[in-house]
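S.K.: Take a look at the following structure, please.
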């Protein structure tokens, strides 16, 4: 099911390329289907679904069927994650899915592309204010409750320091709670500040 042609493309790649949601669903129903396969341009199925502006296929890839989820932090040859792509073109619904779905590997908003830009930077630079707002709010929660930081330290910290009360380890859960306290109108207004991410972000090396 993961066999590729001379162009390095497999069946899932073609199904997404043609926007065939039913075929994508069928392929993903096979537990051996590789959701993170990278083509010659280092594009994953998730990258391609965003490029094709297909939120339905994005959600299928992130659904966790058979215990598998597409990794939202894999980068293409330009160092861009799926979040970078969605932010650069202003796909609000797709960004919302990437940030809201509870993933085994939560979306990291601090990763830098080959131009040393975060997804937030791309959204701001391209005047996609609603996208920038979503990413900014998510990043605020990420910086306070990053699952990677908490998971790596929780086994060594005293139990009194590990207690988190009702706070979830996943930043999307806390973002949902924060959004419940604000109106829908205010969530679409940009209150973005100049990015301060360059001092604390890292560039994720491209997987080979």
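S.K.: Dimensions of segment 103-147 along principal axes (Cα, Å, largest first)?
M.R.: 29, 24, 17
S.K.: Which of rounded, prolate, oblate describes segment 1-64, given a ≥ b ≥ c as roots of the alpha-carbon gyration tensor eigenvalues and a/c under 1.5 marking rounded, otherwise prolate only if a/b is larger than b/c?
M.R.: It is oblate, given that a/c is not under 1.5 and a/b is not larger than b/c.
S.K.: Rounded, prolate or oblate: which fits segment 46-100, taking a ≥ b ≥ c as square roots of the Cα gyration tensor eigenvalues, rounded meaning a/c under 1.5, else prolate when a/b beats b/c?
M.R.: Working: a/c = 1.87, a/b = 1.29, b/c = 1.45.
Here segment 46-100 falls in the oblate category.
S.K.: Report the normalised scattering of segment 40-152 as log10 I(q)/I(0) at q = 0.13, 0.15, 0.16, 0.20 Å⁻¹, calculated by the Debye formula with identical scatterers on the alpha carbons.
M.R.: Treating every Cα as an identical point scatterer, log10 I(q)/I(0) equals -0.44, -0.59, -0.67, -1.08.
Every number in this text was worked out from the coordinates using simple rules, so none of it is lab data. Just so it is clear, the structure is predicted and the values come from calculations on it, not from any experiment.
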